[in-house]
1. Criterion first (among the hydroxyl-bearing types (Ser, Thr, Tyr), touching a Pro at 6+ places or on another chain (Cβ under 9 Å) and touching a residue at least 60 places away in the same chain (Cβ under 8 Å)) does B:Ser130 satisfy it?
2. Just name the residue that is farthest from the other protein chains (Cβ to nearest Cβ) out of those in the range A:54-107 that are hydroxyl-bearing (Ser, Thr, Tyr) and within 18 Å of A:Thr182 (Cα to Cα).
3. Would you mention how many residues in the range B:260-303 are under 14 Å from B:Asp164 (Cα atoms) and either of a type in the set (Asp, Glu) or part of a strand (DSSP E or B) (or both)?
4. Going through the range A:1-21 one residue at a time, which ones are open to solvent by 30 Å² or more (accessible area, probe 1.4 Å) and closer than 15 Å to A:Thr43 by Cβ?
5. Report whether or not A:Val227 is in a helix (DSSP H, G or I) and surrounded by 15 or more Cβ atoms within 10 Å (Cβ to Cβ).
6. Answer yes or no: is there a residue in the range B:161-171 that is in contact (Cβ under 8 Å) with a residue 40 or more places away in the chain, more than 30 Å from A:Val49 (Cβ to Cβ), buried (at least 21 other Cβ atoms within 10 Å of the Cβ) and of a type in the set (S, T, N, Q).
7. So is A:Ser5 hydroxyl-bearing (Ser, Thr, Tyr) and under 22 Å from A:Gln116 (Cβ atoms) or not?
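The values are calculated or read from the model by the stated rules, or taken from the named source; none is laboratory data. Small disclaimer: the values here were computed from a predicted structure and weren't measured. Neighbour counts run over all protein chains shown; Cβ positions are idealised from the backbone, glycine included. When the accessible area is computed, the model is the full protein with side chains, heavy atoms only, and any ligands, DNA or RNA have been set aside. Shrake-Rupley method; radii C 1.70, N 1.55, O 1.52, S 1.80 Å.
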Amino acid sequence: MEYVSPEGLRIDGRRPMEMRKLQAEIGVVAKADGSAVFEMGNTKVIAAVYGPREVQNRSQQLNDQALVRCEYSMANFSTGDRMRKPKGDRRSTEISLVIRQTMEACILTQLMPRSQIDIYVQVLQADGGTRSACINAATLALADAGIPMRDFVTSCSAGYLNSTPLLDLNYVEDSAGGPDVTIGILPKLDKVTLLQMDAKLPLDLFENVMQLAAEGCKAIAEYIREVLSENTKQLEFRRGV
Amino acid sequence: MGTPNAVGDWSSEMEVSAFRRLFPLHYYERHLSESIRPDARPLKRARDTIVSLGAVASSDGSALAKIGSTTMLAAIKMEVMTPSVDLPDEGSIAVEFHMPPICSPVVRPGRPAEVAPVISKQLFDSLLSSGMIDLKELSLIKGKAAWMAYLDIYCLDADGALFDAALLSAVAAFSHLRIPVVSLNDEGRMVMVSKELEGEKLDKEPVDKERRKLSLKSIPFSLTCILHKNYILADPTFEEESIMETFITVVLNSSGQLVSLYKPGGPVLAHTSAIQECVALTRQRMKELEEIIDEAISTMEID
C-alpha cells in the first residue's frame, strides 16, 4: 500500500514532516487537582492528577520522596471495534509503567516526601500516538495541579515508510508494519527521557527519524507553553489584576 | 461534636471554609434554614444542564451530558449477533457504566467504585422498562441476525446526581444513534457496508438503504432528591450526598407515567407526602430536560 503519494502527500493529506492538529484544554475535571484534555488529530485523551495526597498503602510510603502512580486505560469505544478488556491487558499495563517512569523523571519528588501523586489517563478516541498524547496530557495536568517539575515532558512519534521519514503517525501508518519511534524529551534541558522503537531500522536512518521526532516534541512544547500562559492570563484577569 | 451552642461559639471564631470542613452538617443546616444552599441555589432547583450530541466520532451514536460539574460521556457501538431462540425477532442492548479513577478522588485503581455496578443495573432496568426502545427495530433478519447495541457510559467528573446525568447521556446517545448499513455476503454473514461503497451498486442488496434512526417513544427522565429532616434538596452535589445520605431517585417517562422509584434505605424515613413532592419535582424537571434534549437534537440536525 502506498503511504506517501508521488506528490509527497500522506493518506490524510499531510506532508511527511507535518504534525496533526493539536488541541488542549486544562481544568476540565472539576474534582481533580489538575486535569487536561489533549488532542492530536483524532486521538483524544483526558488526564487527571490527584495529589500530593496521603499515601493509600502505608507499606509503599517513601520517606524521602513522593510516590508517583499512573493508570492508563482506554474507553471501550475508543478504537474501531469495541474493546473487551480495556484495562488489565498487557499493553495497558506496559503503557502505565512507561508513563509513570517518564513523569517521575521530571517531577521534583524530593519536595513532597511521604505523599502520593496519582496520574490517571483515559483514552477517549484512539487514532495512533496514544502514548505520546497521554504523556502530553499528563504534563499539562501536572502543571494545572501546580506540582513542581524540572521541565515539561513532551512526546511525539515518527516512522519510516516508502523511504520517507514521517512525523506523528496515525493508526493506519502505525499498523503498516514499518518502524515506529516514540520519543519523550525535556525540551528546555534537551534531554531524552523516553525512547522506544519497534521493527527494524538501519542505524543511519534511525538518527534522522529520531531527530524528526525530537523536533515534533519541541513544537508540542511551544504549544503547551502557549496554552499554559493563556490560562494564567485568564486567571489573572479573573482576579482583577 | 458538642451541643449546638458550642458549635455556634466556634462558628463565630473560625473561618468559613474551616467550619465547612469540620462541621459540615451544621454548615448546611444554617443554609437550609434560610432556604438556600451554599452554591446559591434554591432547594428545589437543579444545576445548569448541557447536552451535546456526537461527542465521539468513532461510535455509531454518542453524547456528552453535564449537570453542573458532573460529566458523563456515553457512546453506542452496534454489532451483529444471532438473536436468542425464544425471541428471534428482537435485538438487544447491553449497558455498562464505568467510573474511571479520573472522575473522583475517592475512586482508586484496583478498587472500583461501589456505586458503578448499581448504577449500571439501574440504568439498564430504567431504559428497558420505560419502553423507549422497541427491540424489534433492532432486528435484521428474523431468527438469523439482529443488532446488539453496546452502550458504554464513562463518568468523567463525579459531582453528585450520577444516575441523572448517566440516564440523560444514555437517552441523548440513543437519539443520536444512526444504525450502520449492512448486507449479507456470500457466506451468509453480515458485513458492514463501508461509507465509500454506500452510494455504489453492490452485489447483494443491503438490508437497509441508509443509516436509519431508532424511533424513541416515551423517553425516561429522572431526578434525584436528598431528604434531610423536613427538607427536600433537588439535584445534590457530591458534598451534599456524602453528608446527608438519604436520597430518592424518581424516573418518569414523557407521558408522565412513573417508570421507577428508588429509595435505598438511609437514616431518614419519608412520609408519602415527601415522596409525592419528589415526584412533582421530577415532573417539573422533566419539562426542562425535554427542552434541552430537543434543542440538542435540532442543533445537530442543522449541522
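1. Yes: the conditions hold for B:Ser130.
2. This residue is A:Thr102.
3. 5
4. Listed by number, the residues that qualify are A:Asp12, A:Met19, A:Lys21.
5. Judged against the criteria, A:Val227 is a match.
6. no
7. no
Results for (1) in contact (Cβ under 8 Å) with a residue 12 or more places away in the chain; (2) farther than 28 Å from B:Leu151 by Cβ, shown as yes or no for each residue.
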{"site": "A:Asp64", "(1), (2)": "yes, yes"}
{"site": "A:Arg82", "(1), (2)": "no, no"}
{"site": "A:Gly88", "(1), (2)": "no, no"}
{"site": "A:Ile95", "(1), (2)": "yes, no"}
{"site": "A:Arg100", "(1), (2)": "yes, yes"}
{"site": "A:Cys106", "(1), (2)": "yes, yes"}
